[in-house]
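Values in this text are rule-based calculations from the coordinates and carry no lab data. For clarity, every value in this text was computed on a predicted model and none was experimentally measured. Cβ sites come from the backbone with ideal geometry, for glycine too, and all protein chains shown count toward neighbours.
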Amino acid sequence: MAIGCVEGGSSFGGVAFPFVKDKIDGKDLRLIAVEPEACPTLTQGLYAYDFGDTAELTLLVKMFTLGHTFVPPRIHAGGLRYHGMAPLISQLHHDGIIEAQAVHQNTVFASAVQFAQTEAIIPAPEPSQAIHVSIQEALKCKESGEAKDILFLLCGHGHFDMSAYDEYFAGNLVDQSFTGADIEKMLASIPAL
């Protein structure tokens with residue numbers, strides 16, 4: 001199992017792509033892309049051609065998208081707020097080779113704090129999403145007694161993100177989710193082909 005945070009896709013691609021052939025060849029392997037609930041591109045977006053920018057200056061790109069006019073709420077990590085997903089990551093998700101999970105930022109920070117207290121490494125908010133899902137998967141294994149190898153990507157440290165940790169400890173982080181109507185409104189900006 002390989003788990004990584006996914007925003008645009010490059011970090012996740014780095015940890016998951018080496019295992020894609022094994023997955024295609026039938027190996028029992030999970031590749032999990034973890035994104036924020038506040039920007040659920042893979043989990044709630046549409047696989048369609050869309051602009052890569054709000055100004056509509058880029059070419060249309062086939063990707064999972066929330067619509068190029070989507071502006072997500074302020075969350076713990078600005079890099080996780082892009083409306084679209086990298087075309088290769090999108091294709092792999094569309095084909096069922098990778099899975100996607102969306103997580104709330106407060107549970108992510110709880111896992112980041114647990115990781116910091118255990119490993120003495122302060123993780124950046126983005127990879128803390130992968131840490132959270134890794135902890136959840138490890139707990140499932142502990143409960144079932146099943147042994148699994150779990151690889152997660154820790155890309156970046158949190159020393160530059162202390163204000164996000166301050167917000168978490170102060171109870172100021174709000175978990176954002178979208179209803180079906182919200183998603184439909186976001187997807188309305190996708191060009192009709």
Item to check | Where GluC sites (Glu not before Pro) fall in DSSP loop in region 1-84, at most 16 other Cβ within 10 Å | outcome: Glu56
Item to check | Isotropically averaged projected area of the chain, using the convex hull of Cα atoms (one quarter of hull area), nm² | outcome: 11.9 nm²
Checklist entry - What nm distance separates the two modelled labels at Val71 and Glu56, each placed 7 Å from Cα along Cα→Cβ? => result 1.7 nm
Item to check | Candidates Met162, Met63, Met85: whichever shows maximal mean-square fluctuation once the chain is modelled as a Gaussian network with Cα springs under 10 Å | outcome: Met162
Item to check | Environment charge at Leu88 (Cβ cut-off 12 Å; Lys +1, Arg +1, Asp -1, Glu -1) | outcome: 0
Next on the checklist: Net charge within 15 Å of Phe12 by Cβ-Cβ distance, Lys/Arg positive one each and Asp/Glu negative one each, not counting Phe12 itself?
Outcome noted: -2
Checklist entry - DSSP beta bridges in region 2-187, what fraction antiparallel, as a percent rounded to 5? => result 40 percent
Item to check | Cross-link pairs Lys21/Lys185; Lys62/Lys185; Lys27/Lys142; Lys21/Lys148; Lys23/Lys62 - those with Cα-Cα distance over 25 Å | outcome: Lys21/Lys185
